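The values are calculated or read from the model by the stated rules, or taken from the named source; none is laboratory data. Since the structure is predicted, the reported quantities are computational estimates derived from the model, not experimental observations. Methodologically, a virtual Cβ is constructed for each residue, glycine included, from the backbone with ideal geometry; neighbour enumeration extends over all protein chains shown. Protein only, heavy atoms only, side chains kept; ligands, DNA and RNA dropped before computing areas. Shrake-Rupley method; radii C 1.70, N 1.55, O 1.52, S 1.80 Å.
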Amino acid sequence: MIEIVPAIDVIEGRCVRLTKGDYAEKKVYDASPVDMVMQYADCGVRRIHMVDLDGAKASRPVNLRTLEMCALKSGLEIEWGGGIADADALKSIFDAGATQAIVGSVAALKPELFREWLLRFGAGKMLLGSDVKDGVVAVKGWQEQTALTISEQIGWFLPDGLKYVICTDISRDGMLQGPSFDLYSRLQAEFPQVVFTVSGGISKMDDIVRLNELGLPKVIVGKAIYEKRISLEEIRKWSLSE
């Protein structure tokens, strides 16, 4: 059964959601990241997806204190991304409690460095964050596009043991219009050895049910929870039935 991974995006220590990755289209929510993580822990989820949006802009982790508090209080696995540009940044997020690092811009722009991290830290600790916009990979907090397709990018790292990929369709992110089912089905069929996480567009539980029927292993849910289109009780029932 597909695993639901709740998302928390952080700016200045607060929960926010963007629309299509646009920082100008920011919505701030009342709940603190720590409060949200504890609510998710009570729902029986195993991991949280957290993105340091300040870090993505600054090219260095910024909200490490938030990460530390969330990890310490919840005991959940936390996949953390945003601003991971060098080995020191990687060490800092792992020291603060992250169990997996989400690496996007470095993997696209400095593939030899990401390859080194895969080998040094192990494939189990590294998540390739491939954010797709208009068919190609976007970087630097989704502010710039490359000429690289996600299939090309995954192909680069398979020989080095790449196992985990989060693919975000930026055109769907925060739109609550449903995910790109065809995109994820194609990727899973093309790379059956990769554990894909669906990200972007989840609007209701029916989307998750369909992704589960398609055989996708993980899905990130963010705005649909904040906007109360998916309830914590629905997440609890799903998580406890896995």
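Annotation: GLY44 fulfils all but one of (1) in contact with a Ser or Thr (Cβ under 7 Å, 6 or more places away or on another chain); (2) assigned to a loop (DSSP other than H, G, I, E, B); (3) crowded, with 18+ Cβ neighbours inside 10 Å; the unmet one is (3). Filtered by the rule that a residue be surrounded by fewer than 19 Cβ atoms within 10 Å (Cβ to Cβ) and part of a helix (DSSP H, G or I), segment 206-238 gives ASP206, VAL209, ARG210, ASN212, GLU213, LEU232, GLU233, GLU234, ARG236, LYS237. Restricting attention to segment 79-113, and to residues there that are within 17 Å of the chain's Cα centre (by Cα) and assigned to a helix (DSSP H, G or I), which single residue is modelled with the lowest pLDDT? Only one residue tops the list, namely SER105. When each of LYS218, LYS223 is tested for being closer than 27 Å to VAL28 by Cβ, modelled with pLDDT under 90 and touching a strand residue (DSSP E or B) at 6+ places or on another chain (Cβ under 7 Å), the lone residue that passes is LYS223.
Table: residues versus (1) open to solvent by 10 Å² or more (accessible area, probe 1.4 Å); (2) of a type in the set (Phe, Trp, Tyr); (3) touching a residue at least 12 places away in the same chain (Cβ under 8 Å).
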{"site": "THR99", "(1), (2), (3)": "yes, no, yes"}
{"site": "GLU112", "(1), (2), (3)": "yes, no, no"}
{"site": "THR146", "(1), (2), (3)": "yes, no, yes"}
{"site": "TYR164", "(1), (2), (3)": "yes, yes, yes"}
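Output the residue which, of all residues in segment 178-205 that are within 17 Å of the chain's Cα centre (by Cα) and aliphatic (A, V, I, L, M), is surrounded by the fewest Cβ atoms within 10 Å (Cβ to Cβ). Selected residue: VAL195. Set side by side, the residues ALA58, ALA107 differ, and just one is over 24 Å from VAL195 (Cα atoms) and not acidic (Asp, Glu), which is ALA58.
Scanning segment 161-175 for any residue that is part of a helix (DSSP H, G or I) and not polar (S, T, N, Q) turns up nothing.
Checking each residue in segment 176-190 for being within 17 Å of GLY135 (Cβ to Cβ) and assigned to a loop (DSSP other than H, G, I, E, B) picks out PRO179, SER180.
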